[in-house]
Amino acid sequence: MPTTRRESLYFGMIMCFGMVLIMTLYNFYLNGTLGKMTFLEGISDFLIGFIIALILDLYIVGPNAKKIALKLTANTTKVLYKVLAISTCMVIGMAFFMSIYGLATTYFHNGFNSNLIVSQYLSIFGKNFIMALPLQIVVMGPIVRYIFTKYIKTTRKEMA
């Protein structure tokens, strides 16, 4: 796990890249925009989503999710519980904010077609959360931790 600010930045960038890539494709599929938009529109949506997610991860959701998760797991010494708590809190926070972005991009690509913004948001949040939690815990978390410990931590230790 990251121990310095630089390591946290690298870890966050790798995690955000993977999560935003998969979740962007998932949301394009859900919204039916996968075949309707151009490649450049898809890339620009991904890049904007990546930048927003990275800022949220580094400055808003990440620090608060870690504080909450560490308070919830204060009575345990098991690292697995701490990792699962942080991952779950991160997914809740990121799904909350990124669903707003997803709703905005849906309206941008498909047009504003409803007065039921809150129910649409809750639907998007639910679908994103159901996809993001297992993606984070089962797929991206282990992959990113492996990449991080294999290449980032090792490189840092070799330099010392």
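The values are calculated or read from the model by the stated rules, or taken from the named source; none is laboratory data. Predicted model only: the values in this text are computed from it and were never measured. Here the Cβ positions follow ideal geometry from the backbone for every residue, glycine too, while neighbour counts run over all protein chains shown. To get the accessible areas, we keep the full protein, side chains included, count just its heavy atoms, and leave off ligands, DNA and RNA. Shrake-Rupley method; radii C 1.70, N 1.55, O 1.52, S 1.80 Å.
At-a-glance table
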read-out: Exceeding the 28 Å Cα-Cα cut-off - candidates 78/150; 66/150; 127/150; 36/150; 82/153; value: 127/150; 36/150
read-out: Degrees between helix 61-72 axis and first principal axis of the chain (Cα, 0 to 90, nearest 10); value: 60 degrees
read-out: Nearest 10 degrees, 0 to 90: helix 79-110 Cα axis against the chain principal axis; value: 20 degrees
read-out: Amide H partners (placed H, <5 Å) of residue 37, local residues excluded; value: none
read-out: With DNA, RNA and ligands ignored, accessible area of residue 44 (1.4 Å probe; Å², nearest 10); value: 50 Å²
read-out: For the stretch 73-137, accessible area per residue (1.4 Å probe, heavy atoms of protein chains only), Å²; value: 58 Å²
read-out: Peptides ranked, highest mean first, by Cβ atoms within 10 Å: ranges 129-135, 48-54, 23-29; value: 23-29, 48-54, 129-135
read-out: Trypsin sites (Lys or Arg not before Pro) restricted to DSSP loop in the stretch 70-160 with at most 14 other C-beta within 10 Å; value: 78
read-out: Residue 98 accessible area, 1.4 Å probe, all protein chains in place, Å² to nearest 10; value: 40 Å²
read-out: Area of residue 103 that stays accessible when all protein chains are in place (1.4 Å probe, Å², to 10); value: 20 Å²
read-out: Calculated P(r) tail over 29 Å for the chain, as whole % of Cα pairs; value: 23 percent
read-out: Surface/4 of the Cα convex hull for the stretch 1-91, nm²; value: 6.6 nm²
read-out: Convex hull per residue volume in Å³, alpha carbons only, for the stretch 47-120; value: 98 Å³
read-out: Surface share of carbon and sulfur [accessible, 1.4 angstrom probe, percent] for the chain; value: 72 percent
read-out: Whole-number percent relative contact order across the stretch 16-87, with pairs defined as alpha carbons under 8 Å at least 6 apart; value: 28 percent
